[in-house]
Amino acid sequence: MDDSGNKAYQVPSVVMNSAATKLNVNASVGFFWTPDNGNTVTQYIYLHFLNLKKLQPNQTREFNVFLNGDFWLTQPVVPYYLSTTTAYSTTGTTRAEFKLWLNKTETSTLPPILNAIEIYTLKQLLQAQTDQEDEKLEGDPCAPKDYSWDGLSCSYNAFDSPSIISLCFHHHRFKGIRNFKQR
């Protein structure tokens, strides 16, 4: 896990100007989700925190983050006043269900706060990338198959990477034609 006080994630201020917390000081903030119809997936989680109000000298806000009952961060989160702190995992978490809890520490006088959460699911492409000899273009022209470039015909089989086999120049105004290798 990593905790970053820098501005690398640039969460929009309209998002950071609101937060989830509890009125009861001793209450936890929690989330539960089951992604992808209960299938096991790998997810990357980013949590963004900041204090919207300047704390009084006798107030503290610090809390631990738990994921599925285990400490997710090695130390408590202490949000700064009007400065975003981002906590995230450097490796994905693979599960069929996720339970995320923010619990205040014993010394905290305020409940946990969460301004934003981002969850990214790792998607496995079931199709190999285009043959590297064909990929001197920007992006992958043949993969995924449903999004191959217009005007291209690609070969697809279960054993080899897709390969460009023909180009259709109809209705295109090309100024030059690249020589493709014969295989």
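No lab work stands behind these numbers, since they all come straight from the coordinates. Since we're looking at a predicted model, the values are computed, not measured. Cβ placement follows ideal geometry from the backbone for every residue including glycine, while neighbour counts extend to all protein chains displayed.
Couple of notes before you dig in:
- Computed lengthening from residue 14 to residue 166, 0.36 nm per intervening residue step minus Cα-Cα distance: 49.9 nm
- Estimated FRET transfer efficiency when R0 is 22 angstrom, pair residue 27-residue 95 (beta carbons, to 0.05): 0.35
- Gain upon complete extension [residue 37, residue 146; 0.36 nm per residue less C-alpha separation]: 36.9 nm
- Remark: relative contact order (the range 13-122) = 46 percent; criterion is Cα-Cα distance under 8 angstrom and separation of 6 or more residues.
- Net charge over other residues, Cβ less than 12 angstrom from the Cβ of residue 38 (K, R count +1; D, E count -1): -1
- If the chain linking residue 122 and residue 54 were pulled fully straight, counting 0.36 nm for each residue of separation and taking away their Cα-Cα distance, it would gain 20.7 nm.
- Computed log₁₀ I(q)/I(0) - Debye formula, equal Cα scatterers, no solvent, the range 13-122, q 0.10, 0.11, 0.16 Å⁻¹: -0.29, -0.35, -0.72
- Percentage relative contact order, the range 46-102, counting C-alpha pairs under 8 Å, at least six apart: 47 percent
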